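Encoded as C-alpha coordinates, the structure appears first; notes follow it.
The values are calculated or read from the model by the stated rules, or taken from the named source; none is laboratory data. Small disclaimer: the values here were computed from a predicted structure and weren't measured. Here the Cβ positions follow ideal geometry from the backbone for every residue, glycine too, while neighbour counts run over all protein chains shown. To get the accessible areas, we keep the full protein, side chains included, count just its heavy atoms, and leave off ligands, DNA and RNA. Shrake-Rupley method; radii C 1.70, N 1.55, O 1.52, S 1.80 Å.
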Amino acid sequence: MGGGGQQTDRIADTNGRFGTYTWEEVQKHTKSGDQWIVVERKVYNVSQWVKRHPGGLRIIGHYAGEDATDAFNAFHPNLQLVRKYMKPLLIGELEASEPSQDRQKNGALVEDFRALRERLEAEGCFKTQPLFFILHLGHILLLEAIALMMVWYFGTGWINTAIVAVILATAQSQAGWLQHDFGHLSVFKNSRWDHLLHKFVIGYLKGASACWWNHRHFQHHAKPNILKKDPDVNLLNAFVVGKVQPVEYGIKKIKNLPYNHQHKYFFFIGPPLLIPVYFQFQIFHNMIAHGLWVDLVWCISYYVRYFLCYTQFYGVLWAVLLTMFFAPSHWFVWVTQMSHIPMDIDYEKHQDWLSMQLVATCNIEQSYFNDWFSGHLNFQIEHHLFPMMPRHNYWRAAPRVRALCDKYGVKYQEKSLHFFIMDGCTLFHFFWTDALLHCH
(Lines give C-alpha, C1' and ligand atoms only; values in the text may rest on other atoms or scores of the structure.)
Protein backbone atom coordinates (compact mmCIF):
# COMPACT_ATOMS: atom_id res chain seq x y z
CA MET A 1 0.00 0.00 0.00
CA GLY A 2 1.18 3.49 -0.74
CA GLY A 3 1.77 6.42 1.52
CA GLY A 4 -0.76 9.08 2.32
CA GLY A 5 0.52 12.00 0.32
CA GLN A 6 3.40 14.35 0.97
CA GLN A 7 5.27 14.02 4.25
CA THR A 8 4.61 17.70 4.91
CA ASP A 9 0.96 16.77 5.31
CA ARG A 10 1.86 14.94 8.51
CA ILE A 11 1.73 17.48 11.27
CA ALA A 12 3.81 16.41 14.28
CA ASP A 13 4.07 18.11 17.62
CA THR A 14 7.38 18.85 19.36
CA ASN A 15 7.52 15.31 20.80
CA GLY A 16 7.44 13.79 17.32
CA ARG A 17 3.88 12.50 17.57
CA PHE A 18 1.30 13.07 14.89
CA GLY A 19 -1.02 16.03 15.18
CA THR A 20 -4.50 16.43 16.57
CA TYR A 21 -7.33 17.92 14.53
CA THR A 22 -10.77 19.36 14.86
CA TRP A 23 -13.66 18.26 12.67
CA GLU A 24 -13.52 21.68 11.05
CA GLU A 25 -9.95 21.01 9.92
CA VAL A 26 -10.78 17.51 8.69
CA GLN A 27 -13.75 18.75 6.68
CA LYS A 28 -11.52 21.07 4.67
CA HIS A 29 -9.96 18.04 2.95
CA THR A 30 -12.74 16.72 0.73
CA LYS A 31 -11.61 17.44 -2.83
CA SER A 32 -9.85 15.16 -5.29
CA GLY A 33 -6.14 15.15 -4.53
CA ASP A 34 -6.70 16.33 -0.96
CA GLN A 35 -8.82 13.88 1.00
CA TRP A 36 -8.80 12.93 4.68
CA ILE A 37 -11.03 10.42 6.44
CA VAL A 38 -11.58 9.53 10.09
CA VAL A 39 -11.74 5.92 11.31
CA GLU A 40 -12.10 5.19 15.03
CA ARG A 41 -11.06 8.80 15.81
CA LYS A 42 -7.82 8.41 13.85
CA VAL A 43 -7.22 10.78 10.94
CA TYR A 44 -5.84 9.40 7.67
CA ASN A 45 -4.60 11.23 4.61
CA VAL A 46 -5.74 9.09 1.68
CA SER A 47 -5.13 11.72 -0.99
CA GLN A 48 -2.67 9.72 -3.09
CA TRP A 49 -3.61 6.23 -1.97
CA VAL A 50 -7.22 6.36 -3.20
CA LYS A 51 -6.06 5.37 -6.68
CA ARG A 52 -4.70 2.11 -5.28
CA HIS A 53 -7.66 1.28 -3.05
CA PRO A 54 -8.90 -2.24 -3.95
CA GLY A 55 -12.50 -1.06 -3.64
CA GLY A 56 -11.97 1.87 -6.02
CA LEU A 57 -11.11 5.51 -5.46
CA ARG A 58 -14.66 6.83 -5.50
CA ILE A 59 -15.94 5.00 -2.45
CA ILE A 60 -13.24 6.57 -0.25
CA GLY A 61 -13.79 9.95 -1.86
CA HIS A 62 -17.46 9.72 -0.85
CA TYR A 63 -16.33 9.71 2.79
CA ALA A 64 -13.70 12.45 2.57
CA GLY A 65 -13.98 14.79 5.53
CA GLU A 66 -16.25 12.38 7.42
CA ASP A 67 -16.22 9.65 10.03
CA ALA A 68 -15.93 6.48 7.95
CA THR A 69 -15.79 4.03 10.87
CA ASP A 70 -19.03 2.18 10.14
CA ALA A 71 -18.34 1.94 6.42
CA PHE A 72 -14.82 0.70 7.25
CA ASN A 73 -16.27 -2.03 9.50
CA ALA A 74 -18.96 -2.95 6.97
CA PHE A 75 -16.70 -3.61 3.98
CA HIS A 76 -13.50 -5.17 5.40
CA PRO A 77 -13.50 -8.79 6.63
CA ASN A 78 -10.01 -8.64 8.20
CA LEU A 79 -9.88 -5.36 10.10
CA GLN A 80 -6.51 -6.01 11.71
CA LEU A 81 -4.86 -6.56 8.34
CA VAL A 82 -6.39 -3.41 6.89
CA ARG A 83 -5.33 -1.35 9.89
CA LYS A 84 -1.78 -2.57 9.33
CA TYR A 85 -1.79 -1.26 5.76
CA MET A 86 -3.36 2.00 6.87
CA LYS A 87 -0.54 2.89 9.27
CA PRO A 88 1.52 4.77 6.63
CA LEU A 89 -1.55 6.94 5.96
CA LEU A 90 -2.05 7.94 9.59
CA ILE A 91 -1.47 11.65 10.24
CA GLY A 92 -3.02 12.08 13.67
CA GLU A 93 -6.27 11.86 15.58
CA LEU A 94 -9.20 13.98 16.63
CA GLU A 95 -8.64 16.40 19.47
CA ALA A 96 -9.80 15.07 22.82
CA SER A 97 -12.48 17.76 22.99
CA GLU A 98 -13.97 16.70 19.65
CA PRO A 99 -16.93 14.27 19.51
CA SER A 100 -16.37 10.93 17.79
CA GLN A 101 -19.11 11.72 15.26
CA ASP A 102 -19.14 14.61 12.82
CA ARG A 103 -21.94 17.03 11.96
CA GLN A 104 -24.15 16.65 15.02
CA LYS A 105 -24.82 12.94 14.52
CA ASN A 106 -26.52 11.17 17.39
CA GLY A 107 -23.61 9.67 19.31
CA ALA A 108 -25.81 7.39 21.42
CA LEU A 109 -27.46 5.91 18.31
CA VAL A 110 -24.07 5.33 16.66
CA GLU A 111 -22.67 3.61 19.74
CA ASP A 112 -25.77 1.45 20.15
CA PHE A 113 -25.55 0.38 16.53
CA ARG A 114 -21.91 -0.60 16.92
CA ALA A 115 -22.79 -2.50 20.09
CA LEU A 116 -25.51 -4.32 18.14
CA ARG A 117 -23.00 -5.32 15.49
CA GLU A 118 -20.68 -6.69 18.17
CA ARG A 119 -23.52 -8.72 19.71
CA LEU A 120 -24.51 -10.17 16.34
CA GLU A 121 -20.90 -11.12 15.67
CA ALA A 122 -20.65 -12.78 19.10
CA GLU A 123 -23.86 -14.75 18.42
CA GLY A 124 -22.47 -16.12 15.15
CA CYS A 125 -24.62 -14.14 12.74
CA PHE A 126 -21.58 -13.47 10.56
CA LYS A 127 -20.68 -17.17 10.33
CA THR A 128 -21.63 -18.86 7.11
CA GLN A 129 -23.23 -22.24 6.41
CA PRO A 130 -21.23 -23.59 3.44
CA LEU A 131 -23.88 -26.19 2.60
CA PHE A 132 -26.42 -23.41 1.96
CA PHE A 133 -24.30 -21.88 -0.80
CA ILE A 134 -23.21 -25.26 -2.22
CA LEU A 135 -26.86 -26.24 -2.63
CA HIS A 136 -27.67 -22.86 -4.13
CA LEU A 137 -24.92 -23.23 -6.73
CA GLY A 138 -26.04 -26.80 -7.37
CA HIS A 139 -29.62 -25.78 -8.11
CA ILE A 140 -28.38 -23.15 -10.60
CA LEU A 141 -26.24 -25.69 -12.45
CA LEU A 142 -29.15 -28.15 -12.39
CA LEU A 143 -31.47 -25.58 -13.98
CA GLU A 144 -28.90 -24.93 -16.71
CA ALA A 145 -28.61 -28.67 -17.38
CA ILE A 146 -32.39 -29.18 -17.44
CA ALA A 147 -32.81 -26.37 -19.97
CA LEU A 148 -30.24 -27.87 -22.32
CA MET A 149 -31.67 -31.38 -21.94
CA MET A 150 -35.17 -30.14 -22.73
CA VAL A 151 -33.99 -28.65 -26.02
CA TRP A 152 -32.02 -31.81 -26.75
CA TYR A 153 -34.95 -34.16 -26.14
CA PHE A 154 -38.05 -32.09 -26.95
CA GLY A 155 -36.83 -29.84 -29.74
CA THR A 156 -37.26 -26.15 -30.48
CA GLY A 157 -41.02 -25.75 -30.60
CA TRP A 158 -42.54 -22.55 -29.24
CA ILE A 159 -43.91 -24.06 -26.04
CA ASN A 160 -40.72 -25.90 -25.19
CA THR A 161 -38.62 -22.84 -26.04
CA ALA A 162 -40.77 -20.69 -23.76
CA ILE A 163 -40.26 -23.16 -20.91
CA VAL A 164 -36.52 -23.25 -21.58
CA ALA A 165 -36.39 -19.45 -21.58
CA VAL A 166 -38.12 -19.35 -18.17
CA ILE A 167 -35.71 -21.93 -16.76
CA LEU A 168 -32.68 -20.05 -18.09
CA ALA A 169 -34.05 -16.75 -16.75
CA THR A 170 -34.47 -18.37 -13.34
CA ALA A 171 -30.92 -19.74 -13.43
CA GLN A 172 -29.58 -16.33 -14.46
CA SER A 173 -31.44 -14.51 -11.72
CA GLN A 174 -30.42 -16.96 -9.03
CA ALA A 175 -26.82 -16.77 -10.24
CA GLY A 176 -27.13 -13.02 -9.84
CA TRP A 177 -28.00 -13.43 -6.16
CA LEU A 178 -25.17 -15.94 -5.67
CA GLN A 179 -22.52 -13.72 -7.26
CA HIS A 180 -23.81 -10.99 -4.96
CA ASP A 181 -22.97 -13.22 -1.97
CA PHE A 182 -19.43 -13.89 -3.18
CA GLY A 183 -18.94 -10.24 -4.14
CA HIS A 184 -19.75 -9.19 -0.58
CA LEU A 185 -17.22 -11.70 0.81
CA SER A 186 -19.94 -13.32 2.89
CA VAL A 187 -19.31 -17.00 2.08
CA PHE A 188 -15.73 -18.00 2.97
CA LYS A 189 -13.45 -17.13 5.88
CA ASN A 190 -10.66 -16.62 3.37
CA SER A 191 -11.76 -13.82 1.05
CA ARG A 192 -9.55 -15.16 -1.76
CA TRP A 193 -12.06 -17.96 -2.29
CA ASP A 194 -14.89 -15.43 -2.39
CA HIS A 195 -13.05 -13.45 -5.06
CA LEU A 196 -12.35 -16.58 -7.14
CA LEU A 197 -15.91 -17.91 -6.95
CA HIS A 198 -17.23 -14.40 -7.62
CA LYS A 199 -15.34 -14.29 -10.93
CA PHE A 200 -16.62 -17.76 -11.82
CA VAL A 201 -20.29 -17.06 -11.07
CA ILE A 202 -20.53 -13.50 -12.40
CA GLY A 203 -18.25 -14.24 -15.35
CA TYR A 204 -18.90 -17.82 -16.45
CA LEU A 205 -22.55 -18.04 -15.32
CA LYS A 206 -23.62 -14.40 -15.84
CA GLY A 207 -21.34 -12.90 -18.52
CA ALA A 208 -20.32 -9.87 -16.45
CA SER A 209 -17.25 -8.39 -14.74
CA ALA A 210 -16.44 -8.86 -11.06
CA CYS A 211 -14.32 -5.69 -10.89
CA TRP A 212 -17.01 -3.60 -12.58
CA TRP A 213 -19.60 -4.93 -10.14
CA ASN A 214 -17.41 -4.33 -7.08
CA HIS A 215 -16.60 -0.72 -7.90
CA ARG A 216 -20.19 0.10 -8.79
CA HIS A 217 -22.03 -1.83 -6.11
CA PHE A 218 -19.91 -0.80 -3.13
CA GLN A 219 -20.52 2.85 -3.96
CA HIS A 220 -24.22 2.10 -3.80
CA HIS A 221 -23.82 0.51 -0.39
CA ALA A 222 -21.61 3.29 0.93
CA LYS A 223 -23.98 6.10 -0.04
CA PRO A 224 -27.36 4.63 -1.05
CA ASN A 225 -29.78 6.92 -2.90
CA ILE A 226 -27.44 9.89 -2.61
CA LEU A 227 -27.33 11.86 -5.84
CA LYS A 228 -23.88 12.13 -7.46
CA LYS A 229 -22.55 9.37 -5.18
CA ASP A 230 -24.79 6.32 -5.70
CA PRO A 231 -24.47 5.11 -9.32
CA ASP A 232 -27.81 3.31 -9.02
CA VAL A 233 -29.68 6.63 -9.02
CA ASN A 234 -27.60 7.98 -11.90
CA LEU A 235 -30.16 7.21 -14.59
CA LEU A 236 -28.46 9.07 -17.45
CA ASN A 237 -31.27 11.61 -17.79
CA ALA A 238 -33.64 8.82 -18.84
CA PHE A 239 -35.68 9.15 -15.65
CA VAL A 240 -35.96 11.63 -12.81
CA VAL A 241 -36.34 10.14 -9.33
CA GLY A 242 -36.97 11.27 -5.78
CA LYS A 243 -38.50 14.59 -4.79
CA VAL A 244 -35.45 16.80 -5.32
CA GLN A 245 -34.29 15.84 -8.81
CA PRO A 246 -37.66 16.31 -10.58
CA VAL A 247 -37.99 19.79 -9.07
CA GLU A 248 -34.48 20.69 -10.24
CA TYR A 249 -35.24 19.47 -13.76
CA GLY A 250 -38.51 21.38 -13.75
CA ILE A 251 -36.94 24.64 -12.63
CA LYS A 252 -34.05 24.31 -15.10
CA LYS A 253 -36.49 23.19 -17.82
CA ILE A 254 -34.37 20.14 -18.64
CA LYS A 255 -36.35 18.10 -21.15
CA ASN A 256 -34.05 15.41 -22.56
CA LEU A 257 -37.06 13.12 -22.58
CA PRO A 258 -40.80 13.63 -21.97
CA TYR A 259 -40.51 13.01 -18.23
CA ASN A 260 -44.23 13.60 -17.73
CA HIS A 261 -44.64 10.26 -19.54
CA GLN A 262 -41.80 8.40 -17.81
CA HIS A 263 -44.29 6.19 -15.97
CA LYS A 264 -45.22 4.84 -19.43
CA TYR A 265 -41.88 4.47 -21.18
CA PHE A 266 -40.28 3.10 -18.00
CA PHE A 267 -41.71 -0.33 -18.85
CA PHE A 268 -40.10 -0.27 -22.31
CA ILE A 269 -36.60 1.04 -21.58
CA GLY A 270 -36.26 0.41 -17.83
CA PRO A 271 -36.62 -3.20 -16.64
CA PRO A 272 -36.17 -4.91 -20.03
CA LEU A 273 -33.05 -3.03 -21.15
CA LEU A 274 -31.09 -2.33 -17.95
CA ILE A 275 -29.00 -5.53 -18.01
CA PRO A 276 -28.93 -6.50 -21.73
CA VAL A 277 -28.15 -2.99 -23.02
CA TYR A 278 -26.99 -0.46 -20.42
CA PHE A 279 -25.09 -2.81 -18.11
CA GLN A 280 -23.58 -4.82 -20.97
CA PHE A 281 -22.26 -1.65 -22.62
CA GLN A 282 -20.84 -0.48 -19.28
CA ILE A 283 -19.27 -3.85 -18.54
CA PHE A 284 -17.41 -4.26 -21.83
CA HIS A 285 -16.36 -0.61 -21.92
CA ASN A 286 -15.04 -0.88 -18.36
CA MET A 287 -13.14 -4.10 -18.99
CA ILE A 288 -11.44 -2.78 -22.12
CA ALA A 289 -10.78 0.73 -20.82
CA HIS A 290 -9.20 -0.53 -17.58
CA GLY A 291 -7.47 -3.60 -18.99
CA LEU A 292 -9.50 -6.11 -16.96
CA TRP A 293 -8.41 -8.98 -19.17
CA VAL A 294 -9.07 -11.76 -16.63
CA ASP A 295 -12.65 -10.56 -16.25
CA LEU A 296 -12.94 -10.33 -20.04
CA VAL A 297 -11.88 -13.97 -20.44
CA TRP A 298 -14.42 -15.10 -17.84
CA CYS A 299 -17.09 -13.02 -19.55
CA ILE A 300 -16.32 -14.38 -23.03
CA SER A 301 -16.44 -17.93 -21.64
CA TYR A 302 -20.10 -17.34 -20.80
CA TYR A 303 -20.97 -16.44 -24.40
CA VAL A 304 -18.86 -19.26 -25.83
CA ARG A 305 -20.66 -21.75 -23.58
CA TYR A 306 -24.11 -20.51 -24.59
CA PHE A 307 -23.36 -20.39 -28.28
CA LEU A 308 -21.82 -23.88 -28.28
CA CYS A 309 -24.87 -25.22 -26.46
CA TYR A 310 -27.68 -23.49 -28.35
CA THR A 311 -26.61 -22.41 -31.85
CA GLN A 312 -26.78 -26.03 -33.01
CA PHE A 313 -30.51 -26.00 -32.17
CA TYR A 314 -31.62 -22.42 -32.77
CA GLY A 315 -29.05 -20.81 -35.02
CA VAL A 316 -27.16 -17.65 -34.14
CA LEU A 317 -30.09 -15.22 -33.91
CA TRP A 318 -32.20 -17.22 -31.48
CA ALA A 319 -29.15 -18.20 -29.45
CA VAL A 320 -28.39 -14.49 -29.06
CA LEU A 321 -31.94 -13.83 -27.88
CA LEU A 322 -31.68 -16.61 -25.30
CA THR A 323 -28.57 -14.92 -23.83
CA MET A 324 -29.86 -11.34 -23.82
CA PHE A 325 -31.11 -11.31 -20.21
CA PHE A 326 -34.45 -9.58 -20.90
CA ALA A 327 -36.41 -11.62 -18.35
CA PRO A 328 -33.62 -11.64 -15.71
CA SER A 329 -33.37 -7.87 -16.18
CA HIS A 330 -37.03 -7.49 -15.18
CA TRP A 331 -36.45 -9.79 -12.23
CA PHE A 332 -33.39 -7.80 -11.11
CA VAL A 333 -35.08 -4.40 -11.37
CA TRP A 334 -38.22 -5.31 -9.44
CA VAL A 335 -36.27 -6.94 -6.61
CA THR A 336 -33.40 -4.49 -6.19
CA GLN A 337 -34.51 -1.11 -7.46
CA MET A 338 -38.02 -1.11 -6.05
CA SER A 339 -36.61 -1.43 -2.53
CA HIS A 340 -34.68 1.81 -3.13
CA ILE A 341 -36.41 4.00 -5.72
CA PRO A 342 -39.59 4.50 -3.60
CA MET A 343 -37.40 5.70 -0.71
CA ASP A 344 -35.75 9.06 -0.04
CA ILE A 345 -33.39 10.18 -2.84
CA ASP A 346 -31.48 13.36 -2.14
CA TYR A 347 -28.07 14.98 -2.02
CA GLU A 348 -25.60 14.26 0.77
CA LYS A 349 -27.02 14.87 4.25
CA HIS A 350 -24.13 13.36 6.23
CA GLN A 351 -26.32 11.05 8.29
CA ASP A 352 -25.09 8.28 10.56
CA TRP A 353 -24.80 4.80 9.03
CA LEU A 354 -28.07 3.43 10.45
CA SER A 355 -30.21 6.45 9.55
CA MET A 356 -28.68 6.78 6.07
CA GLN A 357 -29.39 3.14 5.21
CA LEU A 358 -32.93 3.13 6.66
CA VAL A 359 -34.15 6.16 4.70
CA ALA A 360 -32.86 4.54 1.49
CA THR A 361 -34.04 0.95 1.89
CA CYS A 362 -37.15 -1.05 2.72
CA ASN A 363 -37.90 -4.73 3.25
CA ILE A 364 -40.37 -7.17 1.73
CA GLU A 365 -42.19 -9.43 4.18
CA GLN A 366 -40.55 -12.80 4.73
CA SER A 367 -41.73 -16.05 3.20
CA TYR A 368 -39.86 -19.02 1.77
CA PHE A 369 -40.81 -17.88 -1.72
CA ASN A 370 -39.77 -14.26 -1.14
CA ASP A 371 -36.45 -15.42 0.35
CA TRP A 372 -35.71 -17.54 -2.72
CA PHE A 373 -37.17 -15.14 -5.29
CA SER A 374 -35.16 -12.17 -4.01
CA GLY A 375 -32.00 -13.94 -2.91
CA HIS A 376 -32.91 -12.86 0.66
CA LEU A 377 -32.83 -9.22 -0.48
CA ASN A 378 -36.31 -8.99 0.94
CA PHE A 379 -34.15 -8.24 3.99
CA GLN A 380 -32.66 -5.25 2.20
CA ILE A 381 -32.32 -3.23 5.42
CA GLU A 382 -30.27 -5.86 7.22
CA HIS A 383 -28.19 -6.44 4.10
CA HIS A 384 -27.34 -2.76 3.81
CA LEU A 385 -26.46 -2.43 7.47
CA PHE A 386 -24.32 -5.59 7.47
CA PRO A 387 -23.28 -6.30 3.85
CA MET A 388 -20.86 -9.10 4.81
CA MET A 389 -23.44 -11.01 6.87
CA PRO A 390 -24.39 -14.31 5.16
CA ARG A 391 -27.91 -13.89 3.84
CA HIS A 392 -29.30 -16.93 5.62
CA ASN A 393 -28.79 -15.03 8.90
CA TYR A 394 -30.65 -11.82 8.05
CA TRP A 395 -33.82 -13.06 9.75
CA ARG A 396 -31.87 -13.37 13.02
CA ALA A 397 -30.68 -9.77 12.86
CA ALA A 398 -34.01 -8.25 11.76
CA PRO A 399 -35.81 -8.13 15.16
CA ARG A 400 -32.76 -6.53 16.79
CA VAL A 401 -32.49 -3.91 14.06
CA ARG A 402 -36.19 -3.11 14.28
CA ALA A 403 -35.92 -2.71 18.07
CA LEU A 404 -32.98 -0.31 17.70
CA CYS A 405 -34.91 1.71 15.12
CA ASP A 406 -37.92 1.89 17.42
CA LYS A 407 -35.72 3.11 20.27
CA TYR A 408 -34.47 6.10 18.27
CA GLY A 409 -37.54 6.79 16.15
CA VAL A 410 -35.96 5.64 12.89
CA LYS A 411 -38.61 4.38 10.48
CA TYR A 412 -38.27 0.68 9.61
CA GLN A 413 -40.36 -0.09 6.51
CA GLU A 414 -41.57 -3.53 5.46
CA LYS A 415 -44.02 -4.11 2.62
CA SER A 416 -45.88 -7.02 1.07
CA LEU A 417 -44.58 -8.21 -2.31
CA HIS A 418 -47.78 -7.04 -4.05
CA PHE A 419 -47.69 -3.56 -2.52
CA PHE A 420 -43.96 -3.41 -3.17
CA ILE A 421 -44.43 -3.91 -6.93
CA MET A 422 -47.48 -1.65 -7.21
CA ASP A 423 -45.65 1.07 -5.27
CA GLY A 424 -42.84 1.01 -7.84
CA CYS A 425 -45.27 1.11 -10.76
CA THR A 426 -46.79 4.43 -9.69
CA LEU A 427 -43.64 6.25 -8.63
CA PHE A 428 -42.28 7.53 -11.91
CA HIS A 429 -45.53 9.31 -12.67
CA PHE A 430 -45.63 10.82 -9.19
CA PHE A 431 -42.06 12.15 -9.38
CA TRP A 432 -42.69 14.28 -12.44
CA THR A 433 -46.15 15.39 -11.30
CA ASP A 434 -44.59 16.53 -8.03
CA ALA A 435 -41.99 18.52 -9.97
CA LEU A 436 -44.66 20.22 -12.05
CA LEU A 437 -46.54 21.25 -8.92
CA HIS A 438 -43.38 22.83 -7.50
CA CYS A 439 -42.66 24.74 -10.69
CA HIS A 440 -46.06 26.42 -10.97
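Applying 1/(1 + (r/R0)^6) with R0 = 41 Å to the Cβ-Cβ distance of GLU118 and LEU141 gives a FRET efficiency near 0.60.
Each residue of region 391-403 is assigned a 3J(HN,Hα), and the resulting list reads 5, 6, 10, 4, 4, 6, 7, 4, x, 5, 5, 4, 5 Hz, derived from the Karplus form 6.51 cos²θ - 1.76 cosθ + 1.60 (θ = phi - 60°), x at Gly and Pro. Just so you know, the Rg over Rh for region 245-379 is 1.04, from Cα atoms, with Rh as the Kirkwood radius. Accessible-area rank, largest first, for TRP212, TRP193, TRP372: TRP193, TRP372, TRP212, with all protein chains present and a 1.4 angstrom probe.
Annotation for region 100-203: GluC sites (Glu not before Pro) lying in DSSP loop with at most 16 further Cβ atoms inside 10 Å of their Cβ are GLU123. Counting only DSSP beta bridges whose two residues both lie in region 19-103, roughly 70 percent are antiparallel. Rounded to the nearest 10 degrees, the inclination of helix 280-289 to the longest alpha-carbon principal axis of the chain is 60 degrees. DSSP beta bridges fully contained in the chain are about 60 percent antiparallel. Exposure check, 1.4 Å probe, all protein chains in place: CYS309 carries approximately 40 Å² of accessible surface.
Diagonalising the gyration tensor over the Cα atoms of region 19-103 and scaling each eigenvalue by 5 before taking the square root yields semi-axes of 19, 15, 12 Å, largest first. For region 91-179, the set of trypsin sites (Lys or Arg not before Pro) satisfying both a DSSP loop assignment and a count of at most 15 other C-beta atoms within 10 Å is given as ARG103, LYS127. Karplus-derived 3J(HN,Hα) values for region 203-208, using 6.51 cos²θ - 1.76 cosθ + 1.60 with θ = phi - 60°, are x, 6, 9, 10, x, 9 Hz; glycine and proline are entered as x. Solvent-accessible area assigned to carbon and sulfur over region 106-439 amounts to 68 percent, based on a 1.4 Å probe. Taken over region 123-265, the percentage of Cα pairs per 10 Å bin, counting from 0 up to the bin with the maximum distance, is 10, 26, 25, 23, 14, 2, 0. The share of C-alpha pairs in the chain whose separation exceeds 37 Å stands at 29 percent.
Take the Cβ atoms of ARG83 and GLU414, set R0 to 30 Å, and the FRET efficiency comes out at 0.25. Packing-based ranking of 403-414, 356-367 yields 356-367, 403-414, ordered from highest to lowest mean Cβ neighbour count within 10 Å.
With a 1.4 Å probe rolled over the protein heavy atoms of all chains, the accessible area of LYS264, LYS31, LYS42 falls in the order LYS31, LYS264, LYS42, largest first. For region 19-103, carbon and sulfur atoms together expose 50% of the accessible surface, with a 1.4 angstrom probe and every protein chain in place. Converting phi to 3J(HN,Hα) with the Karplus coefficients 6.51, -1.76 and 1.60 and the offset θ = phi - 60°, region 40-51 yields 6, 6, 8, 9, 10, 9, 9, 3, 8, 6, 4, 5 Hz in sequence order, with x at every glycine or proline. Among the listed pairs LYS51/LYS87; LYS31/LYS223; LYS189/LYS223, those whose Cα-Cα separation exceeds 21 Å are LYS189/LYS223.
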